[in-house]
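Structure first, commentary second.
What follows is calculated from the coordinates using simple rules that are stated; it is not laboratory data. Everything numeric in this text was worked out from a predicted model, so none of it was measured. When we count neighbours, we look across all protein chains shown, and the Cβ atoms used for this are built from the backbone with ideal geometry, even at glycine.
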Amino acid sequence: MLEILVLTLSSYPLYLCCFLFLIIQLIKVQNYHFTVQNIAEAFSCCLYIKLLSCALSKYRIPSDFRCLLYVSLFSFVMCGFLLNCFSSFICTAAVGFLSVSSAVTMSAPFLLGQVIDTIYTTGTDTETMTASLTSLCIMLTGVFLCGGAANAARVYLMQTSGQQIVRNLRASIFSSILKQEVAFFDRNKTGELINRLSADTAVVGRSITDNLSDGLRAVAQAAAGVSMMFYVSPSLASFVLLIVPPMAGLAVVYGRYLRSISKQTQDALAQATQLAEERISNMRTVRAFGKELSEVNTYIQKTDHVLDLAKKEAVLRAGFFGVTGLSGNLMILSVLYKGGLLMASQHMTVGELSSFLMYTFWVGISIAGLSSFYSELMKGFGAGSRLWELLDRKPELPLSEGLILPVDQLKGRLEFCDVSFAYPTRKEAPIFQNLSLLVPAGSIMAVVGPSGSGKSTLVSLLLRLYDPDTGVITIDGHDIRDLNPYWLRGLIGTVNQEPVLFSCSIRDNIAYGAVDPDAVTTEDIHQAARDANAYGFIQTFPKGFDTVVGEKGVLLYFIFSVKCYQFFFILNVVFFLPLQNPKILLLDEATSALDAENEFLVQEALERLMEGRTVLIIAHRLSTIQNANAVAVLDQRHIAECGQHTELLGNREGLFRRLMEKQAFLHEEQKRALR
Ligand SMILES: Nc1ncnc2c1ncn2[C@@H]1O[C@H](COP(=O)(O)OP(=O)(O)OP(=O)(O)O)[C@@H](O)[C@H]1O
């Protein structure tokens, strides 16, 4: 007795040390691989089980149990080595611990059966019975302790590897979204994409962290339980498990429905999030029109749809769980009935029937666990289907493939030849039809035209955010479709009306335009601001270049509301241009009137920036139009007029003249002089 105690207890510290060592290593190094230490750990487990099995054999503990222990050890080591070939060590260890903890749990009914049979077979010899029982109980304690530790390790490791998968999934989806062409973002709204990135990945995450961990345990226990049922009594097991095939059929049908409902739920949720995102980001418009209550009602309608789908899912789940619960109870009843008959005919001992009954309970519990695992897994698949679509989607326009030309040989001649284009989302409303325009290298071309005539679209096509349906756009004779888009955009500096501010400091916003923002020094940033005549303006803020801008510059709007727009415009000029030094400039002038002082600053900065570059400017200011080498007038899907400012103005019937008069660009004296 003393010997068995010493043998068993002496193995605990050894095991515990190895276990702690393993955990510490895992926490320290996440991408852990098998080393000599791991083999030592596996060896220590072998030692532990060997010690136990020595003790068992000494006290006539059946060889079957030893066999079970060896099998669990073998599966642990084998799983470890096999999985290590394909996956990270965390996953390996998790599955290893899963095998150990499940084997331990599933050995309990068998051992308890042995205890019962020991009591029945040793008869009145109290001393032998006490010795056998004590050794069994000590061994059971050891086995359970081992199982408990393995279970804790399993949960920790499964969680860690699950979270790692979710993190990788989120990173891959975000990367895939950012690689898509601009037309993709016209079709898929921000709120919906954000929902995919957060809610859908959360559902998938849930199904592969806790759920996978518990589910795999349920699978392992159900498999072990069924095997042990066959081992204990093959005839009773075959009878009891007749219920499995119809249940499997039901599970397949249920899984299909659940997957489809989960997909619909995530889609409905994405629509609700899309609505919320759009309304919150346009809060001022909503407030201005007093639409708060009606927007809330629209949102409630969307969430009601989500609720309806959730109710459908609840009904489906309730039905499935009810049926699986009932089938578990039927299994127990059939064991009691058929097992009782077998015992009465001496084909089973009382210990065997008890073990069998306990295995049936375990299998029943595992099936309940399996049902919820299966449900969550199907939900995860449903939610994940849109994610896989996003992950697999190849962008229609390449991100960084194609020709890179030597920059020093570039002149910057731009040409649109017979370009026809309609936005992919509005194919029925063409923006350009056979549009042709030439911008000679180093010249300034001002583009004017009525609102909606396609001035900004011209810029989008040049930046290759979209490809024309027919015709070509060339830079120095090279079709821009042959050029590397990443390089092309680096070559072209753009300044548009939309504020391009991110929610960080002014310093970080300016550095964002640089190829390597980390390499930008404070002096570079100050110089960029000086080039754009914005240095003095920025210095007027209490925190200067460290002023935090807020989302889309909103914080600045609240603090410096009066100068806000001017500030945006000046900062837009600061952004990207001086640090990148582009060959071609595409400018979209701000429409709001600047005060005299700021207009002068902006104009001066712009003139400096335009020097020696090919410039296409969407002009709103008379001074800009006057300073341009040529003016192109966009109307009716093509260039209606093109020429020098004075030349176009001289044509009384011309569109340019009418446009200028309508927009009150001409001062009274100029109008009189022209008459
Ligand atoms: N991403 C898009 N998807 C579909 N239609 C678009 C898209 N962007 C613009 N449009 C439409 O294309 C037309 C031309 O738009 P664009 O912005 O190029 O005109 P614009 O001359 O620059 O107008 P404005 O002077 O008002 O800025 C408009 O009818 C506009 O509604």
Practice item. Mind listing the long-range amide H neighbours of Leu585? Cut-off is under 5 Å, sequence gap 5 or more, other chains count too, H placed in the peptide plane at 1.01 Å from N. Key: Gly493, Thr614, Val615, Leu616
Review point. Which residues' amide hydrogens lie under 5 Å from the amide hydrogen of Lys189, considering only partners 5 or more residues apart or on another chain, with H built in the peptide plane?
Key: none
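Sum up the charges of everything whose Cβ sits under 11 Å from the Cβ of Leu462, counting Lys and Arg as +1 and Asp and Glu as -1, but leave Leu462 out.
Working: positive: Arg464, Arg489; negative: Glu415.
Local net charge: +1.
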Check your understanding: So for Tyr374, Tyr257, fewest C-beta neighbours within 10 Å to most, what's the order?
Key -> Tyr257, Tyr374
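On a 25 Å Cα-Cα criterion, which of the cross-link pairs Lys189/Lys427; Lys189/Lys311; Lys189/Lys543 come out too long? Mind showing how you got there, number by number?
Details: Lys189/Lys427 19 Å; Lys189/Lys311 27 Å; Lys189/Lys543 36 Å.
Distance filter (> 25 Å) returns Lys189/Lys311; Lys189/Lys543.
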Study note, to complete from the structure: Between Ala441 and Ser294, the two model label points (7 Å from Cα along the beta-carbon direction) sit apart by a distance in nm of 5.7
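Restricting to Cα pairs below 8 Å that are 6+ residues apart, what does the relative contact order work out to for the range 243-359? Please round to a whole percent. Intermediate results must be reported in sequence, preceding the final value.
Details: 42 pairs, mean separation 36.2, N = 117.
This gives 31 percent for the range 243-359.
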Practice item. Give the share of C-alpha pairs in each 10 angstrom bin for the range 186-323, from 0 to the last occupied bin, in whole percents, shortest bins first. Key: 10, 25, 26, 17, 11, 7, 3, 1
Check your understanding: How many nm is it between the label spots at Val315 and Gln603, if each spot is 7 Å from the Cα in line with the beta carbon?
Key -> 7.1
Point to revise | 5 angstrom amide H check on Leu397, placed H, neighbours 5+ away | key: Glu181
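Estimate the FRET efficiency between Leu336 and Asp469 by the formula 1/(1 + (r/R0)^6), using the beta-carbon distance for r and 60 Å for R0, to the nearest 0.05. Mind showing how you got there, number by number?
Working: r = 75 Å, r/R0 = 1.26.
E(calc), rounded to 0.05, equals 0.20.
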Check your understanding: What is the gain in length, in nm to one decimal, between His347 and Ala202 on full extension, counting 0.36 nm per residue of separation less the C-alpha to C-alpha distance?
Key -> 47.0 nm
**Study point:** Mean-position separation - Cα centroids, the range 614-639 and the range 227-255, in angstrom
**Key:** 79
Review point. What order do you get for Ile584, Ile475 when you list them from fewest to most C-beta neighbours inside 10 Å?
Key: Ile584, Ile475
**Study point:** Packing-based exposure ordering (other Cβ within 10 Å, fewest first) of Lys543, Lys583, Lys291
**Key:** Lys543, Lys291, Lys583
